[in-house]
Every structure is written in structure tokens, then in C-alpha cells.
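This report refers to the structure that appears directly beneath it.
Bear in mind these aren't lab numbers, they're just calculated from the coordinates by the rules spelled out. Small disclaimer: the values here were computed from a predicted structure and weren't measured. Quick reminder, even Gly has a Cβ in these numbers, built from the backbone with ideal geometry, and neighbours come from all protein chains shown.
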Amino acid sequence: MARRRPAAARPAGEAAPRRPFHGRRHGRRLRAGQRRLLEDLLPRLAVTLPPGGGLDPSTLFARPVSGRRPIWLEIGFGAGEHLAWQASAHPEVGLLGAEVFVNGIAQLLRLIDAGGLSNVRLYQDDARDLLAALPAASIDRVFILFPDPWPKARHQKRRLIQAETVGHLARIMTDGAELRLATDDPAYARWMLEVLVGHPDFSWLAEGPGDWRRRPADWPTTRYQAKAEAAGRPPVYLRFARGHRSG
């Protein structure tokens with residue numbers, strides 16, 4: 001067998017190769033109003049990662065008069081109903097949303113435009129790259145709601161909730177920050193618990209069955225959730241706290 005030649009070193013400052021992404025980026029044809037929002041509003045809210053450097057999320061939002069503005073991150077915001085609700089209910093918080101599905105981005109832009117929301121910024125690419133670029137202890141809450149469960153065994157490596165992802169979350173989340181997860185897939189719920197309960201930096205906040213069977217009051221319902229319940233797939237709501245760093 002011929003010896004494999006070592007890969008050439010990547011020049012300094014050159015971006016790393018794009019990692020494989022599994023999932024839809026486009027859906028139905030967009031309406032004229034949606035295209036207008038993508039052309040006019042999205043450029044004002046879009047987040048671009050600096051080449052070869054990190055991203056300080058506090059620079060994306062207006063600085064508060066005093067103190068530090070909390071930053072919340074939603075990964076895979078779907079149609080944006082939850083993110084827009086949180087942005088409206090918490091104008092003092094900066095909401096950073098990561099999504100690749102263009103139709104979902106267009107729907108969230110409609111909600112932002114209709115609600116006059118000024119505290120939302122959008123990253124429209126692979127969220128794993130965003131996680132890698134964020135500095136330590138910079139995010140105060142993370143939402144990962146109804147991610148694709150990839151139910152086939154050969155596809156489970158594509159699931160967003162993996163040890164590597166949770167490691168990134170532990171790094172970027174502030175001490176005491178909350179991680180919220182939801183799924184209507186029982187197998188994925190067990191997977192989430194196995195990954196998170198076994199991580200030393202996270203503690204499950206549930207004290208009884210009602211804590212994961214009932215949706216908290218500040219967790220708005222979405223169309224996807226309503227469809228899951230109507231189809232007999234009751235969602236599971238999981239809340240974890242990022243522990244305090246030693247020293």
C-alpha cells in the first residue's frame with residue numbers, strides 16, 4: 001500500500017475547510033414580501049464571523065446605559081416564533097439566532113418587522129462555526145428547541161446534541177446560565193439526557209416529572225409544538241444550568 005502523503009499546512013489566516021452540513025436550506029418559493037425582507041432587513045441584522053478570529057456578541061447590540069446586556073442564543077429557530085416572543089418580552093436582552101433554512105429566516109424577519117424588534121441578530125450558517133467563534137462566558141441562555149432527531153441509527157452522528165457541541169456550550173455560557181432543550185422524539189430525549197446528565201458542567205433542573213412534561217410559562221408555544229401534540233407526540237421540556245467555574 002502506498003504511504004499517504006501528509007496534508008499540506010494551511011496558511012495562517014486561511015479559513016478552515018467547511019464541515020459537512022445536513023439539513024434543508026431552502027423550501028417553498030418565497031413570496032415577494034419575504035424576498036423584500038431578505039434583501040432589505042436581513043443585511044442590517046446579519047452576523048458575519050471575522051476571518052480567523054472570534055466574535056464578541058456584545059458588540060452586536062447597543063450598549064446599555066449601565067452594566068452588561070445579557071445575550072441569549074437560539075440554535076435552529078425554525079419559523080422564529082419563539083425567538084421573536086422572547087425578544088419582545090425581554091427588550092433588555094440581545095437575542096442571537098442561528099438558522100440556515102431561508103424560509104424560516106424570512107418568517108422571523110416578518111415577525112421582527114411587524115413587532116419593531118431591535119434586539120435580534122441573525123447568523124445564517126452552521127451554528128457549530130458560531131459556537132467555535134464565541135468567547136468564553138459570553139452567552140447567558142441557550143435554546144435548542146425541537147432539533148432534527150435524525151432517528152435512523154446511521155444518522156445519529158448528525159444530531160446537534162453531541163459531546164462536542166455540549167463542550168462548546170459549557171465554554172461559552174456564563175456561570176449559572178440556563179440551557180433549554182425540547183423534543184417530541186422520545187429516543188432523542190433519552191439521548192439528550194445521556195449527553196447532558198453525564199457532563200460535569202451542567203445540572204438538570206428538574207425536581208419532578210412535571211418539570212419536563214409541562215411547558216414553563218415563559219416558554220411560548222409554536223406551531224410545530226402544537227402539531228406534535230395534535231399528532232400524539234407530547235414534547236419533553238428540559239432545563240439545565242451551567243455550573244460555576246472553580247477559581
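At 0.36 nm per residue, minus the direct Cα-Cα distance, what do Ala136 and Leu41 gain on full extension? Give it in nm, one decimal, please.
Going from the current span to full extension adds 31.2 nm.
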Exercise. For the stretch 191-231, evaluate the Debye formula with one uniform point scatterer on each Cα (no solvent term) and list log10 I(q)/I(0) at q = 0.17, 0.18, 0.34 Å⁻¹, rounded to two decimals.
Key: -0.67, -0.73, -1.07
Practice problem: Mind listing the long-range amide H neighbours of Val47? Cut-off is under 5 Å, sequence gap 5 or more, other chains count too, H placed in the peptide plane at 1.01 Å from N. | Solution: Leu122, Tyr123, Gln124
Exercise. Could you list which residues have their amide H under 5 Å from that of Thr183, counting only those 5 or more apart in sequence or on another chain, with H placed in the peptide plane?
Key: Phe146, Val236
Quiz prompt | Vicinal HN-Hα couplings computed from phi for the stretch 57-73 (Karplus, 6.51 cos²θ - 1.76 cosθ + 1.60; Hz; Gly/Pro x) | solution = x, 5, 7, 7, 10, 4, 6, x, 4, 9, x, 10, 6, x, 10, 10, 10
Exercise. Return Thr221, Thr183 ranked ascending by Cβ neighbour count within 10 Å, so the fewest neighbours appear first.
Key: Thr221, Thr183
Self-check item: Calculated [θ] (222 nm, deg cm²/dmol) that DSSP helices of n ≥ 4 give over the chain, each run adding -39,500 (n - 2.57)
Solution: -8500 deg cm²/dmol
Quiz item: Rg and Dmax of the stretch 130-195 over Cα atoms: what are they, in angstrom?
Solution: 12.4, 35
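How large is Rg/Rh for the stretch 122-247, to two decimals, with Cα atoms and a Kirkwood Rh?
0.95
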Exercise. Tally the DSSP beta bridges in the chain and give the antiparallel ones as a percent, rounded to 5.
Key: 30 percent
Quiz item: Quick one: Debye curve from the C-alpha atoms of the chain, no solvent, what's log10 I(q)/I(0) at q = 0.07, 0.10, 0.16 Å⁻¹?
Solution: -0.25, -0.52, -1.32
Quiz prompt | Cα centroid separation, the stretch 61-110 to the stretch 182-222 (Å) | solution = 21 Å
Self-check item: In sequence order, calculated HN-Hα J values of the stretch 145-162 (Karplus, 6.51, -1.76, 1.60; Hz; x Gly/Pro)
Solution: 10, 6, x, 4, x, 6, x, 5, 4, 6, 9, 5, 5, 7, 4, 5, 7, 9
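Exactly which trypsin sites (Lys or Arg not before Pro) in the stretch 130-186 are in a DSSP loop and have at most 16 other Cβ atoms within 10 Å?
When the trypsin sites (Lys or Arg not before Pro) of the stretch 130-186 are filtered for loop state and at most 16 Cβ neighbours within 10 Å, Lys152 remain.
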Quiz item: In terms of the Cα gyration tensor, with a ≥ b ≥ c the square roots of its eigenvalues, is the stretch 21-167 rounded because a/c is under 1.5, prolate because a/b exceeds b/c, or oblate?
Solution: oblate
Practice problem: Collect residues whose amide H, placed 1.01 Å from N in the peptide plane, falls under 5 Å from the amide H of Glu74; neighbours closer than 5 in sequence don't count. | Solution: Leu96, Gly97, Ala98, Phe143
Quiz item: Relative contact order for the stretch 75-187: what is it in percent, counting Cα pairs under 8 Å that are at least 6 residues apart?
Solution: 27 percent
Exercise. Only loop residues by DSSP count here, and only those with at most 12 other Cβ atoms within 10 Å; note down the GluC sites (Glu not before Pro) in the stretch 45-101 that meet that.
Key: Glu92
